[in-house]
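Read the figures in this text as sums done on the coordinates, not as results from a lab. On a predicted model such as this, the values are computed, not experimentally measured, just so you know. Virtual Cβ from ideal backbone geometry, glycine too; neighbours counted across all protein chains shown.
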């Protein structure tokens with residue numbers, strides 16, 4: 001990434017753009033919630049939202065009764081905005097300001113959700129580190145959900161190069177640690193009415209004997 005300051009970049013975006021102005025805004029995180037329901041995630045499950053920023057996914061999880069939620073984002077500004085929005089309910093959530101490429105979780109999770117953070121990792125070492133961290137930090141019967149731009153999606157987001165994935169390339173990338181359950185393609189309509197094509201894949205851990 002050279003001298004690029006990823007944290008500064010994202011803090012600046014969250015300090016200068018409203019929730020409804022960013023391209024990834026979703027009034028209803030339907031696809032993510034569908035995966036929660038598909039896997040019948042228990043209300044007591046440990047859930048982590050990687051790169052959650054100030055998205056509304058955490059609001060919906062709280063509304064549904066989930067009680068052990070962690071939101072991680074590189075931008076402290078994003079986290080603070082989410083806390084303000086949630087008000088008193090912010091105290092029900094664990095907040096982590098960290099880079100998904102190199103953070104060290106202090107607990108293990110049952111449901112690891114990442115919508116549009118993983119595809120910002122283009123350095124091979126960062127990708128490998130992320131996947132190793134996920135493998136170590138997801139419980140044996142846990143689930144991993146990753147959503148990225150597809151090969152029909154944008155090549156950049158917020159001025160940053162991303163890595164596109166297909167169902168095949170995503171599965172191949174994760175095959176050492178995870179077994180694919182299901183992949184779907186989703187068209188996301190941005191606030192500016194453009195369409196971005198995503199691929200969402202769900203995985204379960206491969207148990208080593």
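The rows are residues; the columns are (1) over 22 Å from residue 36 (Cα atoms); (2) surrounded by fewer than 17 Cβ atoms within 10 Å (Cβ to Cβ).
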{"site": "144", "(1), (2)": "no, no"}
{"site": "151", "(1), (2)": "yes, yes"}
{"site": "191", "(1), (2)": "yes, yes"}
{"site": "197", "(1), (2)": "no, yes"}
{"site": "205", "(1), (2)": "no, no"}
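Going through the range 58-95 one residue at a time, which ones are without any contact (Cβ under 8 Å) to a residue 60 or more places away in the chain and closer than 20 Å to residue 133 by Cβ?
68, 69, 70, 71, 72, 79, 94, 95
Would you mind finding the one in 42, 105 that is surrounded by fewer than 22 Cβ atoms within 10 Å (Cβ to Cβ), touching a helix residue (DSSP H, G or I) at 6+ places or on another chain (Cβ under 8 Å) and under 22 Å from residue 202 (Cβ atoms)?
So the residue among 42, 105 that is surrounded by fewer than 22 Cβ atoms within 10 Å (Cβ to Cβ), touching a helix residue (DSSP H, G or I) at 6+ places or on another chain (Cβ under 8 Å) and under 22 Å from residue 202 (Cβ atoms) is 105.
Return the residues of the range 70-95 that are under 23 Å from residue 121 (Cβ atoms), outside any loop (DSSP other than H, G, I, E, B) and touching a helix residue (DSSP H, G or I) at 6+ places or on another chain (Cβ under 8 Å); say none if nothing qualifies.
Once the filter is applied, which keeps residues that are under 23 Å from residue 121 (Cβ atoms), outside any loop (DSSP other than H, G, I, E, B) and touching a helix residue (DSSP H, G or I) at 6+ places or on another chain (Cβ under 8 Å), the range 70-95 yields 71, 73, 76, 77, 78, 82, 95.
Considering only residues of the range 96-121 that are touching a residue at least 60 places away in the same chain (Cβ under 8 Å) and more than 15 Å from the chain's Cα centre (by Cα), which is nearest to residue 185 (Cα to Cα)?
Here the residue is 108.
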